[in-house]
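Working notes, structure below.
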Amino acid sequence: MLTLLAQVLKILNDDNNPYQIALAIWFGLLVAFLDMMNPLMWFVLLIVCLVRVNLSAFLLAWGGFELLAMAMVPVLDDLGYSLLTHPSLVDFWKSLHQIAGVPMMQLGYTVITGGIVFAIVALLPFIFLIPWLIKRYRTQLMPWVEKTRLVAVLKSSKIYQIYQNL
């Protein structure tokens with residue numbers, strides 16, 4: 001648990017571009033809502049390896065959003081069902097499934113379709129909100145926190161040693 005907290009602090013305090021962190025967190029959300037055997041998940045993992053994102057943030061987000069995805073299954077199921085059975089989208093889904101390789105992506109499963117749509121809708125808030133929060137943390141909160149007595153105590157503790165070793 002201390003290592004996880006130290007990892008989050010390391011991500012926030014590094015000089016990484018906040019947009020790289022935000023994109024990594026969004027990719028973690030997307031992968032968490034996909035099935036492990038889905039080829040689309042493996043494609044997203046390939047993109048994460050090729051694009052410059054913070055891998056620690058991606059892995060932490062993937063784990064955290066995996067828990068959220070389990071709790072959101074009923075909502076994602078309802079969303080996917082409404083999209084897959086909407087009369088104006090039925091022809092779209094039929095034509096999409098005629099493309100080679102698309103049926104392997106399991107888009108006919110309501111939870112997967114709902115998760116993909118939820119992740120795509122969440123992209124814009126993630127790309128704008130998370131970098132803004134990170135910048136705000138770095139400019140306003142971090143200098144104030146470093147001046148507190150609590151930080152002086154923590155710097156002499158085991159968590160700071162873990163943080164320095166990362």
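Computed over the Cα atoms of the stretch 17-166, the ratio of the radius of gyration to the Kirkwood radius (Rg/Rh) comes to 1.11. Judged by the mean number of other Cβ atoms found within 10 Å, the most tightly packed of the peptides 29-38, 66-75, 83-92 leads the ranking 29-38, 66-75, 83-92.
Principal semi-axes of the equivalent ellipsoid, √(5λ) from the alpha carbon gyration tensor of the stretch 78-140, are 34, 12, 9 Å from largest down. Residues in the stretch 102-109 carry Karplus couplings, in order, of 5, x, 5, 7, 6, 5, x, 7 Hz; the curve used is 6.51 cos²θ - 1.76 cosθ + 1.60 with θ = phi - 60°, and Gly or Pro positions show x. For the pair LEU67 and GLN98 in one chain, pulling the backbone fully straight at 0.36 nm per residue adds 7.8 nm over the alpha carbon distance. By other beta-carbon atoms within 10 Å, ranking PHE27, PHE43, PHE126 with the fewest at the front produces PHE43, PHE126, PHE27. Only lysine pairs 8 or more places apart or on separate chains count here, and in the stretch 29-166 those with Cα atoms under 25 Å apart total 4.
Each value in this text was obtained by applying a stated rule to the coordinates, not by laboratory testing. Note that the structure is a prediction, hence the values are computed from the model and not measured. With ideal geometry, Cβ positions are generated from the backbone for all residues, glycine too; neighbour counts draw on all protein chains shown.
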